[in-house]
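The values are calculated or read from the model by the stated rules, or taken from the named source; none is laboratory data. Quick caveat, the model's predicted, so the values are computed rather than measured. Note that we place each Cβ from the backbone using ideal geometry, even for glycine, and neighbour counts take in every protein chain shown.
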Amino acid sequence: MKWLSDDNLDHLRTIARNPDFSATKYTFVKELGHGGMGTVYLAEDRELDRLVAIKVLNTPEITEDLRNRMVREAQIIARLEHPGIVPVHDVGVLPDGRVFYAMKYVRGSRLDEYAAQHSSLRDRLRKFQAACDAVAFAHAHGVIHRDLKPQNIMIGSFGEVLVLDWGVAKITKKPTTDYTNESVQSVDGSNTSAGTVIGTRDYMSPEQARGEVSQLDERADVYSLGAVLHFLLKDQSRPGKAAQAICAKAMASARDDRYSTASELSADIGRLLDAEPVSAYRENVIEKVGRWVGKNRFLVLLVLAYLLMRIFFIFTSRR
Amino acid sequence: MDPDTDIGGPLHRFPITNHSAIVDARSDDQLTRRRAFDTILTSYWKPAYKYIRLKWQADNEDAKDLTQGFFANAFEKNHFAGYDATKASFQTFLRTCLDGFVANERKAGHRLKRGGNMDHYQLDFATAENELAAHAAATDLTPEDYFHREWVRWMFTIAVDALRQRCEESGRKLHFQLFERYDLREDANVSYASLAEEFGLEPATVNNYLAAVRRDFRRVVLDKLREITATDEEFRAEARSLLGVDVK
């Protein structure tokens with residue numbers, strides 16, 4: 001038996017864990033990262049001569065029927081044409097039985113990395129609102145993401161916001177163009193049976209954490225967005241009561257107490273950014289005045305300056 | 001990607017392709033238990049021997065006797081049947097048992113004599129000793145880390161050997177030769193192109209052969225792990241530890 005050096009061991013570890021793309025149109029480039037649900041690799045699409053990100057899921061052996069269903073569902077998600085959505089554009093099965101999704105390879109920073117470098121609350125809220133809008137678009141097309149978290153929101157080189165990793169999304173209703181001839185399905189097929197937990201613990205709604213798959217609707221994503229907002233606010237010294245109230249409403253334990261859609265959440269964030277009253281928080285009179293003053297700071301300063309000048313002239317003219 | 005994504009339920013089930021020797025070690029059937037024990041012995045004797053040499057500073061003769069004695073005693077008293085997967089990995093359990101055994105032997109001042117009533121196994125101690133002499137343990141490793149690293153090395157060594165056998169039996173000697181030349185190479189200058197030239201193949205054929213044999217290698221490693229773990233959770237944990245990824 002040959003002695004295996006430490007370098008040999010490292011290499012064997014790598015080849016044992018890297019996916020075998022030999023039966024696909026992709027060529028393995030490198031591993032980008034991994035978690036409990038699967039591993040993301042950078043690969044080259046040989047047919048289209050471009051780089052793609054491929055997520056290989058930990059799934060059991062699948063049947064032909066299930067595979068076909070997954071392909072159809074991936075097609076539905078791929079039709080989500082929105083500038084803020086990085087869709088799944090290919091799905092397949094590796095020779096070892098694992099399922100993979102190919103996605104656009106996005107260059108940029110994850111929201112958690114971005115937040116570490118950009119502390120401005122307004123900037124963070126704008127990015128967050130853009131993510132809400134992308135999710136709202138998907139909801140309007142009957143797709144729930146189910147794994148929203150800062151790590152799945154990318155900020156591109158030009159500041160664009162992209163929601164990615166739709167590989168475990170759930171289709172809640174037929175899309176406008178029905179080409180499936182099937183009733184409600186989920187993209188991960190039979191894996192979403194009751195009791196199955198999909199998502200990330202710190203960002204998943206209580207009903208999702210309990211594995212109540214059939215109960216999941218848009219409000220599960222609203223909860224996750226609230227958790228993302230909480231992440232963005234937690235290092236702010238004065239996030240403001242209205243921002244905290246929006247966060248609390250989005251993350252309400254009872255889903256009836258949450259925003260009913262991501263659009264509503266986005267609208268409240270927009271009002272917060274415009275210094276308008278938000279639906280999640282009832283202000284007292286002092287707070288209303290304070291907000292009005294904050295919003296009209298220039299006007300207030302102008303009036304104050306005018307009054308000061310008038311007082312000065314009155315005072316000097318009497319002497 | 002972040003490391004905190006979590007998932008549960010049926011998604012993590014995997015097909016059980018092999019019997020678990022750890023489970024079989026509890027069998028009432030003597031033959032089944034014997035086979036299970038042989039599997040455990042094969043998988044652990046070398047890391048155990050090296051660990052005794054390093055941690056307990058035993059000379060080679062003493063370490064041989066302690067290794068033989070530990071496994072003979074474990075089989076005779078059916079120690080491995082007492083393993084509880086909810087408390088620790090089997091690897092940790094075995095190492096803890098080994099420490100207890102050596103400590104007791106030292107305390108009692110025993111010197112296990114070869115050729116007594118004890119079972120003796122045909123183990124290649126000479127090679128293990130040569131490896132120890134040629135490849136000293138890194139000074140920054142704890143004995144426990146050293147045991148784990150040597151176990152990983154031994155697991156991959158066994159897997160490579162099993163792969164060689166599998167390739168020879170299925171008439172794919174060339175596949176294994178390519179694997180040996182490229183994936184077990186010490187020379188960084190070996191490339192797909194140089195292999196293609198050396199073996200008179202197209203580079204694409206080298207690529208395909210290597211992809212196929214690596215797939216087999218992965219399967220061999222996971223099968224081996226399946227044999228020496230007791231539960232799904234332990235299997236996944238060991239696979240994560242050995243390969244750094246979750247497995248189906």
Q.
I'd like the full set of residues that are modelled with pLDDT under 90 and within 12 Å of chain A (Cβ to nearest Cβ), limited to region B:169-189.
A. B:185, B:186, B:187, B:188
Q. Yes or no: residue B:161 of a type in the set (Asp, Glu) and either assigned to a loop (DSSP other than H, G, I, E, B) or touching a Pro at 6+ places or on another chain (Cβ under 7 Å) (or both)?
A. no
Q.
Quick check on my filter: what residues within region A:270-319 are surrounded by 13 or more Cβ atoms within 10 Å (Cβ to Cβ), within 30 Å of residue A:219 (Cα to Cα) and basic (Lys, Arg)?
A. A:271, A:291
Q) Of all residues in region A:2-21, which are over 27 Å from residue B:132 (Cβ atoms) and either within 7 Å of another protein chain (Cβ to nearest Cβ) or surrounded by fewer than 17 Cβ atoms within 10 Å (Cβ to Cβ) (or both)? A) A:15, A:17, A:20
**Q.** Filter result for the condition that a residue is part of a helix (DSSP H, G or I), within 29 Å of residue A:26 (Cα to Cα), in contact with a helix residue (DSSP H, G or I) (Cβ under 9 Å, 6 or more places away or on another chain) and within 11 Å of chain A (Cβ to nearest Cβ), over B:204, B:211
**A.** B:204
(Q) Take residue B:166 and tell me if it is away from chain A (no Cβ under 11 Å), farther than 16 Å from residue B:207 by Cα, of a type outside the set (A, V, I, L, M, F, W, C) and in contact (Cβ under 8 Å) with a residue 40 or more places away in the chain. (A) yes
**Q.** Answer from A:262, A:267, A:250 - the residue that is over 14 Å from residue A:204 (Cβ atoms) and surrounded by 21 or more Cβ atoms within 10 Å (Cβ to Cβ)
**A.** A:262
Q: Test residue A:134 against the criterion of being within 14 Å of chain B (Cβ to nearest Cβ), in a helix (DSSP H, G or I) and either in contact with a Ser or Thr (Cβ under 7 Å, 6 or more places away or on another chain) or at pLDDT 70 or above (or both), and give yes or no.
A: no
Q.
I need the full set of residues from region B:71-83 which are touching an Asp or Glu at 6+ places or on another chain (Cβ under 9 Å) and surrounded by 21 or more Cβ atoms within 10 Å (Cβ to Cβ), in order please.
A. B:71
